[in-house]
Amino acid sequence: MSRLFFAFFGIVLLLAPVATNSQVPIENRQSDASVIEMLGQTKQESGLFDYRFIAKTEYGEEFTIDTSESYISGIGYDLDVGDSVSLQITEEDSGAIAYLEDIHREKNLGWMVLIFAIIAVAVGRWRGVLSLLGLIVTIGILFGYLFPSILAGNDPVTSTVIASIVILAVNMHLSHGLKRQTFLAFLGTTVGLAFVVIFTKAFIYFGSLSGLASEEATLLFWETGSVNLPVGILAAGIILGAVGVLDDVAITQSEVVNELLLANPNKTKKELFVQAMRIGRHHIASTVNTLVLVYAGAALPVFLLFVYGDLSTQAFFNNELVAEEMIRTLAGTCALVLTVPISTWFATLAPRVVDKSHKHH
């Protein structure tokens, strides 16, 4: 019996390398390529297109690509000779097979950014230049601090609040000058930011949101494995989206108060507040509408999908994707409305304007 056992064990050991070597692991790599020849295109019933073309990689390899067999079947953009694409290349026993991963857009995006910069400078002049510098600062803070901080495991809301305060402090003073008026507007925005945090956390809690409604959030959750991260990132996104609007409201109200003072330096703080709030209420009405349209536009495919599905009203509002967009709008809007009187009151604390025409009295 023992001999049979050792004989069987020996056979297994001898065959193990054979079994292992018979399954050669498939290797995948990514490569940039250029479309050198179009072989044809087919229109799907959906209106999208499938393309057949030859692409030459940066290493000189040539592959015949059929997008109907690629990761993305059905393309909504035009593909032509000379276009730069990204290929996913799979090394198999029979040779390498390439699939279209995506088209390169960075060059065209670069031209769009240039057009934006030219328009900003042409219309805004020096203020336009400063706004572009502020934009660079914002991007630097987001990619240099906020995103790495969240991925390192820090609380997303705390990291976002810190990043937002720094962005506001730099950009507001950079764009509007180092003066007390700007600083008071910054204080008003900071108070508004606190309201955004409060409303966001409360609405997410009472709305029973998990933060996992979107595929991207779910994928990030599985990649990081943090239970609290999805809700934190959802809250951080809502806070970050409201910061820019709060900045606009605070600066506008500050300028309104300043113009009222220039027109009549003898106005009391109460008169300034009452008159500036009349304008502020109009600003609230237009900005609230703007916020709703911005968020509705961003979530348009979601809304259309559920309307197309002919869901009941209850099913529509119970869906977490819809609830997320509603809470995103409501939390930001509530903070925005409260920021108007707060920033107006801070603006009335600025130094009184001296009417130079009466300076000799």
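The values are calculated or read from the model by the stated rules, or taken from the named source; none is laboratory data. What you see is a predicted model; the values in this text were computed from it and never measured. Positions of Cβ are backbone-derived with ideal geometry, glycine not excepted, and every protein chain shown enters the neighbour counts. For accessibility, only protein heavy atoms count, side chains too; no ligands or nucleic acids. Shrake-Rupley method; radii C 1.70, N 1.55, O 1.52, S 1.80 Å.
List every residue pair whose Cβ atoms lie under 9 Å apart, where the two residues are 6 or more positions apart in sequence or sit on different chains, the first residue falls within the range 241-265 and is outside any helix (DSSP H, G or I), and the second residue, located anywhere, is of a type in the set (Ser, Thr, Tyr).
none
Select from the range 25-39 the residues that are modelled with pLDDT of 85 or more and either of a type in the set (A, V, I, L, M, F, W, C) or at positive phi (or both) and list them in ascending order.
Within the range 25-39, Ala33, Val35, Ile36, Met38, Leu39 qualify.
In the range 160-215, which residues are in a helix (DSSP H, G or I) and either farther than 19 Å from Asp247 by Cβ or in contact with a strand residue (DSSP E or B) (Cβ under 8 Å, 6 or more places away or on another chain) (or both)? Give the steps one after another, and end with the answer.
Initially, the range 160-215 is screened for residues in a helix (DSSP H, G or I), giving 160-176, 180-206, 215.
Result: Lys201, Ala202, Phe203, Ile204, Tyr205, Phe206, Glu215.
Do we find that Ile136 is farther than 24 Å from Leu240 by Cα, aliphatic (A, V, I, L, M), at pLDDT 90 or above and not in a strand (DSSP E or B) in this structure? Write out each step before concluding.
Numbers: farther than 24 Å from Leu240 by Cα: no; aliphatic (A, V, I, L, M): yes; at pLDDT 90 or above: yes; not in a strand (DSSP E or B): yes.
Taking the combined requirement at face value, the residue does not satisfy it.
Any idea which of (1) without any contact (Cβ under 8 Å) to a residue 40 or more places away in the chain; (2) under 24 Å from Leu293 (Cβ atoms); (3) under 22 Å from the mean Cα position of the chain (by Cα) is the one Leu220 doesn't satisfy?
(2)
Condition check ((1) open to solvent by 30 Å² or more (accessible area, probe 1.4 Å); (2) polar (S, T, N, Q)) across all residues:
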| residue | (1), (2) |
| --- | --- |
| Gly232 | no, no |
| Ala235 | no, no |
| Ala242 | no, no |
| Gln253 | no, yes |
| Leu262 | yes, no |
| Thr268 | yes, yes |
| Phe273 | yes, no |
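Could you say whether any residue in the range 46-53 is modelled with pLDDT under 75, open to solvent by 90 Å² or more (accessible area, probe 1.4 Å) and in contact with an Asp or Glu (Cβ under 7 Å, 6 or more places away or on another chain)?
No, every residue in the range 46-53 fails to be modelled with pLDDT under 75, open to solvent by 90 Å² or more (accessible area, probe 1.4 Å) and in contact with an Asp or Glu (Cβ under 7 Å, 6 or more places away or on another chain).
Among the numbered conditions (1) farther than 23 Å from Val292 by Cα; (2) touching a helix residue (DSSP H, G or I) at 6+ places or on another chain (Cβ under 6 Å); (3) modelled with pLDDT under 85; (4) of a type outside the set (A, V, I, L, M, F, W, C), tell me where Gly211 comes up short.
Result: Gly211 passes all but (1).
Filter the range 322-349 down to the residues that are under 25 Å from the mean Cα position of the chain (by Cα) and open to solvent by 50 Å² or more (accessible area, probe 1.4 Å), then identify the one that is farthest from Val245 (Cα to Cα).
Of everything passing the filter in the range 322-349, Met326 is farthest from Val245 (Cα to Cα).
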